[in-house]
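Structure first, then comments.
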Amino acid sequence: MKAADEEAYRAFVAARYGSLLRSAFLLTADRGSAEDLVQEALTRAYVRWHRIKAAQAAEAYSRTILVRLATRGRRRRWRGESPTASPPERAIVEPDPDQAESVRVGRAIVEPDPDQAESVRVALAALPATQRAVLVLRYFEGRTEREIAELLDCSPGTVKSRAARGLAALRDAGLLDGVHIPPALDEGDQP
C-alpha cells in the first residue's frame, strides 16, 4: 500500500472506529464480539483500500461488512458462553453528568439513561441477529428500508416485518412505554 493510502486508512480508522464500535456493540450485544467484528470489517476494508476512492465509500463499505458479518456470522458460530442472570461482583461507576453525551438515534437526539441502557442491551441481545440489525440500522443509524434491504441482501418487505417483530418484542419487554417511534424513512427523507 502506498504511504498516502496508508495515511488515509489510518485517518479513517481514527475518525470512524468509535462509531463502528457502537454499531457493532448494538448488533452483537457483547463488547468483545463487537471489537472482533470491527477489527474484521476494518481488515477487509484495508485489503481493498486501493479500490475505495472516498471517505464516504470507506464508511459505507465498512458498515456493510460489519452488518453482514454480524448477521451471518452469528448463525454459523456456536456460542459456548452465555451471560448469567447475576454478573460477578464489580465496581459500579457513577456517570459524570457533565460528561454525559447526547446520542443521535435516527432523527432524534436522545439523552443517555444509564438505568435503561442495560435493559435495552439485554432486550436487543435476545432478538434474532437479523431483527437486531434492522432495528440498529433503522433507528440508531437512521437508514431507509431500501438501504437496509441492500445491506442485508433482502427485500424491503422483509425489513418491515423484521422491524415490526423486533419492536413488538421490545414493547413486550416494556422498553417502549411512552416512546414515540418515528415513521420509516422514505427515499427522499434525510435522517
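The values are calculated or read from the model by the stated rules, or taken from the named source; none is laboratory data. Note that the structure is predicted; figures quoted are calculated from it, not measured. Cβ placement follows ideal geometry from the backbone for every residue including glycine, while neighbour counts extend to all protein chains displayed.
Considering the stretch 117-134 alone, what residues qualify as being surrounded by fewer than 24 Cβ atoms within 10 Å (Cβ to Cβ) and closer than 19 Å to THR158 by Cα?
Those that are surrounded by fewer than 24 Cβ atoms within 10 Å (Cβ to Cβ) and closer than 19 Å to THR158 by Cα: LEU124, LEU127, PRO128, ALA129, THR130, GLN131.
If you scan the stretch 127-142, which residues turn out to be hydroxyl-bearing (Ser, Thr, Tyr) and either closer than 10 Å to THR71 by Cα or without any contact (Cβ under 8 Å) to a residue 12 or more places away in the chain (or both)? If the condition is that a residue be hydroxyl-bearing (Ser, Thr, Tyr) and either closer than 10 Å to THR71 by Cα or without any contact (Cβ under 8 Å) to a residue 12 or more places away in the chain (or both), then THR130 is the only one that fits. Applying the criterion of being β-branched (Val, Ile, Thr) and assigned to a loop (DSSP other than H, G, I, E, B) to the residues of the stretch 147-187, the residue that is modelled with the lowest pLDDT is VAL179. Against the condition modelled with pLDDT of 90 or more, closer than 17 Å to ARG132 by Cα and of a type in the set (D, E, K, R), how does ARG22 come out, does it pass? Yes; evaluated as a whole, the condition is true for this residue.
THR43: β-branched (Val, Ile, Thr), in contact with a helix residue (DSSP H, G or I) (Cβ under 7 Å, 6 or more places away or on another chain), at pLDDT 55 or above and not assigned by TED's automatic domain parsing to the domain that holds ASP153, yes or no? Lay out the reasoning, then the answer.
On the way: β-branched (Val, Ile, Thr): yes; in contact with a helix residue (DSSP H, G or I) (Cβ under 7 Å, 6 or more places away or on another chain): no; at pLDDT 55 or above: yes; not assigned by TED's automatic domain parsing to the domain that holds ASP153: yes.
Criteria not met by THR43.
Consider the stretch 125-146 and keep the residues that are assigned to a helix (DSSP H, G or I) and farther than 20 Å from ALA29 by Cα. The one that is nearest to the chain's Cα centre (by Cα) is GLU145.
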